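Asker: Encoded as structure tokens, here's the structure I'll be asking about.
The values are calculated or read from the model by the stated rules, or taken from the named source; none is laboratory data. Just so you know, these numbers come straight off a predicted model, no measurement behind them. Ideal geometry is used to build each Cβ from the backbone, glycine not excepted, and the neighbour counts take in all protein chains shown.
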Amino acid sequence: MTATGWLQAIIFFLIVLALTKPLGSYMARVFEGERTLLSPVLVPVEKLIYRICGVREDEEMTWYAYALSMLAFSLIGLGYLYVLLRTQKWLPFNPQHVDNMPPDLAWNTAVSFTTNTNWQFYSGETAMSYLSQMAGLAWHNFVSAAVGIAIAVAVVRGLVRTNVKTLGNFWVDLTRCSLYVLLPISIVVGLFLVSQGMPQNFHAYQSVKSIEGFAQTITGGPMASQEVIKELGTNGGGFVNANSASPNENPTPLSNLIEILLIFSLGAGLTYMYGKMVKDTRQGWAIFTAMAILFFSCFVVAYWAESAGNPIVHQLGVNGGNMEGKECRFGVAASSLFATVTTDTSCGAVNSMHDSFTALGGLIPLVDMQLGEIVFGGVGSGLYGMIVFVVLTVFIAGLMVGRTPEYLGKKVERREVQFAILAALVTPVLCLVPTSIAAVLPAGLATLNNNGPHGFSEILYAFTSTNANNGSAFAGLGPNLFYNLLTGVNMMFGRFAVAVPALALAGALAGKKAVPESFGTFSTRSGIFVALLIGVIVIVGALTFLPADSLGPIVEHLLMLQGNTF
Amino acid sequence: MTTAAAGGILRGEMLLEIGIVLLTIVCFVVLDLYVFGCEKV
């Protein structure tokens, strides 16, 4: 570990901290329907969209109408992308003459991008036309992120409102998020990434002779426009297979910093937006603090493990940190930071290969995802996932002191706890059950590239990542019909089976009356609450996943110390 | 590739396509029922 490495992480986090309040304030204004700096330009566009789509801006929805609208929108989006991928050979913007995608792979990809996962069982440079990249994947990158934020906003409204049954209008939230938040940032930062050398063109790939005299193909295409929303929307699907490790997708150290900032920025801003909307910014900062502590705890372990390297390699006379699968221009520190950030959130973009991390270094991305992607998290999904844990925490605190638990003046009772438990159970069930099925079936073992605990880690990582809607991979696992279908179903339920109870929880809370704080009310803005919240998150994650992690990365680490690798 | 083999591949692909459409419908029906189930709680 070096001072420069620590400095990178600290500077990165200070910038995130500086962005949190302005971004959060702006989003609160957008979702409360107030006037913003961009209103003169965007209000006419917004009204036009409502007129074309037949949306009534003032029409409010109950939680289940909101949930059904979200599901209907996602189903149509999924079908659209599936058809696009199955017909791309006959459509324009295909200078590489890319063939149509096979049905199971097209379905897996369509589900993946609809659910904000961006799990990729294909190589973008050989399997996607430019039209599919732009009108299919990039479009989903925008709207799937907007769906996540819309749900989070609806959940926050459920906490704020009293004695009502409605949470807002899904179509209005979706439109406002895309128009006012995602598009403006994407345009400005996308142009900046072009200035860093990122391609943005419709040229066919260039064949050149390298300095060593070998033939090399240089990819091109509309990359910058997709890159920015890939990170901002915590989507993560690379334009090319190497993702942000590729010089085209991540040309400079500055572009690397911008990319990790984009990944965290909206998740951090949403905590402040939350505080603004509940009229107590300290509530938002309490959640931000819990997220920040978890982030640094994970980063420290990943950075330490990767800096320590592999003792078996050291015995061969190659000292230093673990550089396998890492770009020399980023090194151990920036790779560990990127890996932690991308798996704390549901992004899944990578600038190094997680499969090549040391056993304990690779355990961190796994644990990040197993916690439920709530450390700043996926845009929107991170906040509503964290609110579920907050409800569980106040419930446990209430049991400890023998009082009916309260949160923001609302009594948390049986129904709310049922929804919170349901949402919290989805992650372990959808991660561990398919992993155990795949670990014993021949189809699940057929495409593994590694044996022993590392092979098991690859399976566990695949189902953890798809269920958590992250999309990064231990890339030793190859695709087949079994994985295309099972991970597809896993992504779908990983996304919606958490969002639905979160909305139901919000609907239940919106119908309650608020009671004023009393002397015995447990403060949810104090340090004790932050500590308790972290405890609940870690215990739920650790207890549920420790046996599986022990069979994978932990055993692999212990065997590495005895001189065995896999 | 013989005509019979090509026909077999096409038939397999078509069956897979139908299966995928059915799988999608089943998944979304289950999710809709999940919404209604939560509403009934």
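Asker: Does region A:333-354 hold any residues that are within 19 Å of A:Gly476 (Cα to Cα), in a helix (DSSP H, G or I) and hydrophobic (A, V, I, L, M, F, W, C), and which are they?
Answerer: A:Ala339
Asker: Tell me, please, whether a residue that is over 23 Å from A:Pro102 (Cα atoms) and aromatic (Phe, Trp, Tyr) can be found in region A:414-421.
Answerer: Step one: of region A:414-421, the residues over 23 Å from A:Pro102 (Cα atoms) are A:414-421.
With aromatic (Phe, Trp, Tyr) added as a condition, the list becomes A:419.
Scanning region A:414-421 turns up at least one residue that is over 23 Å from A:Pro102 (Cα atoms) and aromatic (Phe, Trp, Tyr).
Asker: Can you find a residue that is touching a helix residue (DSSP H, G or I) at 6+ places or on another chain (Cβ under 8 Å), assigned to a helix (DSSP H, G or I), over 30 Å from A:Asp104 (Cα atoms) and within 14 Å of chain B (Cβ to nearest Cβ) anywhere in region A:541-551?
Answerer: Let us first name the residues in region A:541-551 that are touching a helix residue (DSSP H, G or I) at 6+ places or on another chain (Cβ under 8 Å), namely A:541, A:544-545, A:548-549, A:551.
Of the ones still in play, those that are also assigned to a helix (DSSP H, G or I) are A:541, A:544-545, A:548-549, A:551.
The next check asks that each one be over 30 Å from A:Asp104 (Cα atoms); those that pass are A:541, A:544, A:551.
Still in the list and also within 14 Å of chain B (Cβ to nearest Cβ): none.
No, because not a single residue in region A:541-551 is touching a helix residue (DSSP H, G or I) at 6+ places or on another chain (Cβ under 8 Å), assigned to a helix (DSSP H, G or I), over 30 Å from A:Asp104 (Cα atoms) and within 14 Å of chain B (Cβ to nearest Cβ).
Asker: Sticking with this structure for a sec: Among the listed residues A:Ser225, A:Ser297, A:Ser244, which satisfies the condition of being surrounded by fewer than 24 Cβ atoms within 10 Å (Cβ to Cβ) and either under 17 Å from the mean Cα position of the chain (by Cα) or closer than 23 Å to A:Leu179 by Cβ (or both)? First the steps, then the outcome.
Answerer: On the way: A:Ser297 fails: either under 17 Å from the mean Cα position of the chain (by Cα) or closer than 23 Å to A:Leu179 by Cβ (or both); A:Ser244 fails: surrounded by fewer than 24 Cβ atoms within 10 Å (Cβ to Cβ).
Within the list A:Ser225, A:Ser297, A:Ser244, the selection yields A:Ser225.
Asker: Assess whether A:Tyr64 counts as being crowded, with 18+ Cβ neighbours inside 10 Å, modelled with pLDDT of 90 or more and not basic (Lys, Arg).
Answerer: Details: crowded, with 18+ Cβ neighbours inside 10 Å: yes; modelled with pLDDT of 90 or more: yes; not basic (Lys, Arg): yes.
Yes, satisfied.
Asker: Looking only at residues that are more than 14 Å from every other protein chain (Cβ to nearest Cβ) and among the aliphatic types (A, V, I, L, M) in region A:461-498, which one is surrounded by the most Cβ atoms within 10 Å (Cβ to Cβ)?
Answerer: A:Ala468
The rows are residues; the columns are (1) buried (at least 24 other Cβ atoms within 10 Å of the Cβ); (2) among the β-branched types (Val, Ile, Thr); (3) at pLDDT 90 or above; (4) farther than 25 Å from A:Thr289 by Cα.
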{"residue": "A:Cys328", "(1), (2), (3), (4)": "no, no, yes, yes"}
{"residue": "A:Ser346", "(1), (2), (3), (4)": "yes, no, no, no"}
{"residue": "A:Asn351", "(1), (2), (3), (4)": "yes, no, yes, yes"}
{"residue": "A:Ile364", "(1), (2), (3), (4)": "yes, yes, yes, no"}
{"residue": "A:Gln370", "(1), (2), (3), (4)": "yes, no, yes, no"}
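Asker: Do the conditions hold for A:Ile396, that is, is it closer than 17 Å to A:Leu543 by Cβ and either among the aliphatic types (A, V, I, L, M) or free of Cβ contacts under 8 Å to residues at least 24 places away in the same chain (or both)? Let's see the steps before the verdict.
Answerer: Working: closer than 17 Å to A:Leu543 by Cβ: yes; either among the aliphatic types (A, V, I, L, M) or free of Cβ contacts under 8 Å to residues at least 24 places away in the same chain (or both): yes.
For A:Ile396, the condition - closer than 17 Å to A:Leu543 by Cβ and either among the aliphatic types (A, V, I, L, M) or free of Cβ contacts under 8 Å to residues at least 24 places away in the same chain (or both) - is met.
A quick yes/no check of all residues on (1) part of a helix (DSSP H, G or I); (2) of a type in the set (Val, Ile, Thr):
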residue: A:Phe456; (1), (2): yes, no
residue: A:Asn484; (1), (2): yes, no
residue: A:Gly488; (1), (2): yes, no
residue: A:Leu505; (1), (2): yes, no
residue: A:Thr521; (1), (2): no, yes
residue: A:Met560; (1), (2): yes, no
residue: A:Gly563; (1), (2): no, no
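Asker: From (1) under 26 Å from A:Val555 (Cα atoms); (2) not in a helix (DSSP H, G or I), pick out the condition that doesn't hold for A:Gly377.
Answerer: Of (1) under 26 Å from A:Val555 (Cα atoms); (2) not in a helix (DSSP H, G or I), only one is false for A:Gly377: (1).
Asker: Related question: Based on this model, can you work out whether A:Glu373 counts as in contact with a Ser or Thr (Cβ under 7 Å, 6 or more places away or on another chain) and under 26 Å from A:Ser518 (Cα atoms)?
Answerer: When the stated conditions are applied, A:Glu373 does not pass them.
Asker: Given the criterion within 14 Å of another protein chain (Cβ to nearest Cβ), surrounded by fewer than 24 Cβ atoms within 10 Å (Cβ to Cβ), within 27 Å of A:Gln418 (Cα to Cα) and modelled with pLDDT under 95, identify the matching residue among A:Gly511, A:Gly507. Steps first, answer last, please.
Answerer: Working: A:Gly507 fails: surrounded by fewer than 24 Cβ atoms within 10 Å (Cβ to Cβ).
None of the other options fit; the residue is A:Gly511.
Asker: What are the pairs, 6+ residues apart or on separate chains, where a residue within region B:1-23 that is of a type in the set (A, V, I, L, M) has its Cβ under 6 Å from a residue that is at pLDDT 90 or above?
Answerer: Correct list of pairs: B:Leu16/A:Pro103; B:Ile20/A:Pro103; B:Ile20/A:Trp107.
Asker: What number of residues within region A:181-209 satisfy the criterion of being hydroxyl-bearing (Ser, Thr, Tyr), over 18 Å from A:Leu257 (Cα atoms) and without any contact (Cβ under 8 Å) to a residue 60 or more places away in the chain? So that I can check it myself, show each step before the final result.
Answerer: The initial filter retains those residues of region A:181-209 that are hydroxyl-bearing (Ser, Thr, Tyr), namely A:186, A:195, A:205, A:207.
Those still in the list that are over 18 Å from A:Leu257 (Cα atoms) too: A:205, A:207.
If we keep only those that are without any contact (Cβ under 8 Å) to a residue 60 or more places away in the chain too, we end up with A:207.
Number of matching residues: 1.
Asker: Another question, if that's okay. When you check A:Arg415 against the structure, is it of a type in the set (D, E, K, R), assigned to a helix (DSSP H, G or I) and surrounded by fewer than 22 Cβ atoms within 10 Å (Cβ to Cβ), yes or no? Talk me through it step by step, then tell me what you get.
Answerer: Working: of a type in the set (D, E, K, R): yes; assigned to a helix (DSSP H, G or I): yes; surrounded by fewer than 22 Cβ atoms within 10 Å (Cβ to Cβ): yes.
Yes.
Asker: Restricting attention to region A:357-376, does a residue exist that is among the aliphatic types (A, V, I, L, M) and without any contact (Cβ under 8 Å) to a residue 24 or more places away in the chain? Write out each step before concluding.
Answerer: In the first step, residues of region A:357-376 are kept if they are among the aliphatic types (A, V, I, L, M); the result is A:359-360, A:363-364, A:366-367, A:369, A:371, A:374-375.
Still in the running and without any contact (Cβ under 8 Å) to a residue 24 or more places away in the chain: none.
No, every residue in region A:357-376 fails to be among the aliphatic types (A, V, I, L, M) and without any contact (Cβ under 8 Å) to a residue 24 or more places away in the chain.
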